[in-house]
Amino acid sequence: MAARSSSFSLLTLLLLLLLLSLSSCAESHPLLLGKFANQKPTQNTYKYETQYITQRLDHFSFSNAGTFSQRFLINTDYWAGSGRSGPIFMYCGNEGDIEWICSMAIVHKAVGMHRYYGESMPYGSKEEAYRNATTLSYLTTEQAIADFAVLVRKLKRKLSAQSCPVVLFGGSYGGMLAAWMRLKYPHVAIGALASSAPVLQFEDIVPPETFYDLVSNDFRRESTSCFDTIKASWAALESEGQKADGLTQLALKFHLCRELNSTQPLTDWLSSAYSYLAMVNYPYPADFMMPLPGHPIKEVCRRIDSAPPGTSVLDRVFYGVSVYYNYTGSAKCFDLDDDPHGLSGWQWQACTEMVMPMASSEDKSMFWKFDYNYTYEKERCRTSYGVEPRGRWITTEFGGHDFKTALSKFGSNIIFSNGLLDPWSGGSVLHNISDTIIALVTAEGAHHLDLRSSTPNDPDWLIEQRESEIRLIEDWINDYNQGRASTFSINSYKQGNASTFRM
């Protein structure tokens with residue numbers, strides 16, 4: 001039973017978590033965590049201290065662009081101390097309320113906030129920071145990772161912990177940042193655990209249909225009739241919407257809080273639910289995004305398939321999607337407006353550098369067929385922000401093409417962990433690259449499940465995955481400490497010889 005409660009806290013380390021935020025993707029694109037990241041946790045038993053540091057708004061210019069206050073949470077209860085070279089764990093997290101991220105993470109001793117999200121807001125307010133492309137121009141992955149590097153170095157000086165190794169953690173977008181930070185700042189962090197990190201979901205590295213095909217596979221594996229019903233629902237929805245009172249009937253059928261002006265918001269609402277369900281298809285009940293049963297896709301398909309004979313396709317779909325949006329039965333109606341102004345931070349990032357092409361195939365996908373349309377994205381971004389997406393910048397900055405060759409020669413100490421039920425796994429690293437860049441893949445895992453808190457319901461394969469991660473991280477720390485000891489011995493020897501020579 002002792003193994004079942006295994007977590008990174010067993011390492012008795014300082015855990016420093018920095019929250020990276022991420023919001024809604026462009027229209028027709030899957031969302032990572034979206035609006036649910038702004039909710040408060042149902043319960044919070046984690047202790048932490050809130051602190052702030054001053055960061056430069058622009059780390060890469062010597063002109064004075066100004067500063068802002070970055071918030072972070074920290075807990076040192078499990079830290080071995082600087083005298084024992086206690087390792088520092090830094091979590092490069094996800095979007096939204098930092099207490100919410102704190103409640104979901106297996107490493108939960110402290111959390112910090114990413115620039116332009118939450119209380120870490122330049123220019124004094126979100127309204128000013130999000131005013132236009134000029135004020136938003138400092139919202140980039142490069143600036144965010146530099147914030148982390150500066151924070152780590154300042155914190156280590158404050159704690160007199162210059163000799164303490166730093167290990168990075170992150171899930172989803174945060175996992176991407178953890179991996180990229182390890183590559184960009186290897187002198188700041190000795191390794192990174194990048195969970196569900198789609199670092200290859202750019203340009204043409206993976207087929208753009210990958211994400212939606214994997215979502216569809218999750219439903220097909222539970223029930224082919226469920227898959228077929230959802231696939232048929234898009235045409236049924238469009239057909240109903242074209243009737244004289246069709247939009248009114250759709251609003252009634254799906255218990256919407258307001259009338260529809262078109263079928264698009266309802267289509268996006270349904271599509272988002274299926275994508276989220278695939279991401280959080282956990283083996284036990286969880287309320288990470290919404291209160292859901294264990295194996296929620298199985299329950300969705302059970303409701304779709306068990307509807308009485310003669311039940312319409314759209315009614316079946318509503319019964320199924322209610323598992324996601326209303327499993328507790330407390331919702332009286334549904335509001336489809338995620339972000340009425342469309343000005344979330346991720347919208348900006350998707351319009352600048354985080355360009356992740358998405359498409360849906362005709363045969364393998366249960367969604368309607370569509371191709372990635374760069375022209376549409378370019379016009380949308382011009383209209384919203386006056387900028388054009390730079391689709392090749394991320395691969396220029398961090399790599400991606402010929403990823404295996406580059407990392408096998410120049411990278412080390414990164415774990416890419418993925419569950420194959422997670423549709424983002426298709427854009428991640430699923431095979432070992434070298435002896436020190438390891439892929440840990442689980443057939444039944446979902447979106448960064450390994451970074452969630454341990455529970456009595458954890459299956460054996462999840463416990464084994466976490467224990468493998470612990471062993472690898474312990475090896476990194478041991479190698480680092482041995483290397484420091486050897487360096488210290490060599491330096492002491494050299495100094496001794498130098499003193500003898502001078503005498």
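The values are calculated or read from the model by the stated rules, or taken from the named source; none is laboratory data. Small disclaimer: the values here were computed from a predicted structure and weren't measured. Cβ placement follows ideal geometry from the backbone for every residue including glycine, while neighbour counts extend to all protein chains displayed.
Every residue, every condition in (1) β-branched (Val, Ile, Thr); (2) assigned to a helix (DSSP H, G or I), yes or no:
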site: Glu128; (1), (2): no, yes
site: Thr135; (1), (2): yes, yes
site: Gln143; (1), (2): no, yes
site: Leu151; (1), (2): no, yes
site: Lys156; (1), (2): no, yes
site: Leu168; (1), (2): no, no
site: Gly174; (1), (2): no, yes
site: Ala178; (1), (2): no, yes
site: Arg182; (1), (2): no, yes
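Of everything in region 360-394 that is touching a helix residue (DSSP H, G or I) at 6+ places or on another chain (Cβ under 9 Å) and closer than 25 Å to Trp180 by Cα, the residue that is surrounded by the most Cβ atoms within 10 Å (Cβ to Cβ) is Ile394. I'd like the full set of residues that are more than 18 Å from Val387 (Cα to Cα) and among the aromatic types (Phe, Trp, Tyr), limited to region 132-150. Scanning region 132-150 gives a single hit, Phe148. Given the condition under 30 Å from Arg220 (Cβ atoms) and touching a Pro at 6+ places or on another chain (Cβ under 8 Å), answer yes or no: does some residue in region 409-423 qualify? Within region 409-423, one or more residues are under 30 Å from Arg220 (Cβ atoms) and touching a Pro at 6+ places or on another chain (Cβ under 8 Å).
The condition of being assigned to a helix (DSSP H, G or I), within 20 Å of the chain's Cα centre (by Cα) and crowded, with 19+ Cβ neighbours inside 10 Å holds for only one of Leu237, Leu214, Leu270, that being Leu214.
The requirement of being under 25 Å from Pro207 (Cα atoms) and buried (at least 23 other Cβ atoms within 10 Å of the Cβ) is not satisfied by Ser408.
Taking the listed residues Phe288, Phe254, the one that is aromatic (Phe, Trp, Tyr), over 26 Å from Leu430 (Cβ atoms) and in contact (Cβ under 8 Å) with a residue 24 or more places away in the chain is Phe254, with no other qualifying. Within region 45-78, the set of residues being modelled with pLDDT of 85 or more and in a loop (DSSP other than H, G, I, E, B) comprises Leu57, Asp58, His59, Phe60, Ser61, Phe62, Ser63, Asn64, Ala65, Gly66.
Whether any residue in region 434-441 is of a type outside the set (D, E, K, R), in a helix (DSSP H, G or I) and at pLDDT 95 or above is what I want to check. No. Just one of the numbered conditions (1) over 30 Å from Phe367 (Cβ atoms); (2) of a type in the set (A, V, I, L, M, F, W, C); (3) crowded, with 23+ Cβ neighbours inside 10 Å is not true of Ala133: (3). The numbered conditions (1) modelled with pLDDT under 95; (2) touching a Leu at 6+ places or on another chain (Cβ under 6 Å) are all true for Ala406 except (2). Taken together, the residues in region 220-230 that are closer than 13 Å to Thr267 by Cβ and in contact with a Ser or Thr (Cβ under 8 Å, 6 or more places away or on another chain) amount to 0.
Tell me, please, whether a residue that is modelled with pLDDT of 65 or more, farther than 20 Å from Gly175 by Cβ and in contact with a Ser or Thr (Cβ under 9 Å, 6 or more places away or on another chain) can be found in region 29-39. Checked region 29-39: no residue is modelled with pLDDT of 65 or more, farther than 20 Å from Gly175 by Cβ and in contact with a Ser or Thr (Cβ under 9 Å, 6 or more places away or on another chain). Within region 361-380, being in contact with an Asp or Glu (Cβ under 6 Å, 6 or more places away or on another chain) and either within 21 Å of Thr135 (Cα to Cα) or of a type in the set (S, T, N, Q) (or both) holds for Ser361, Ser365, Lys378. Residue count for region 240-267 under the criterion of being in a helix (DSSP H, G or I) and among the charged types (D, E, K, R): the result is 2.
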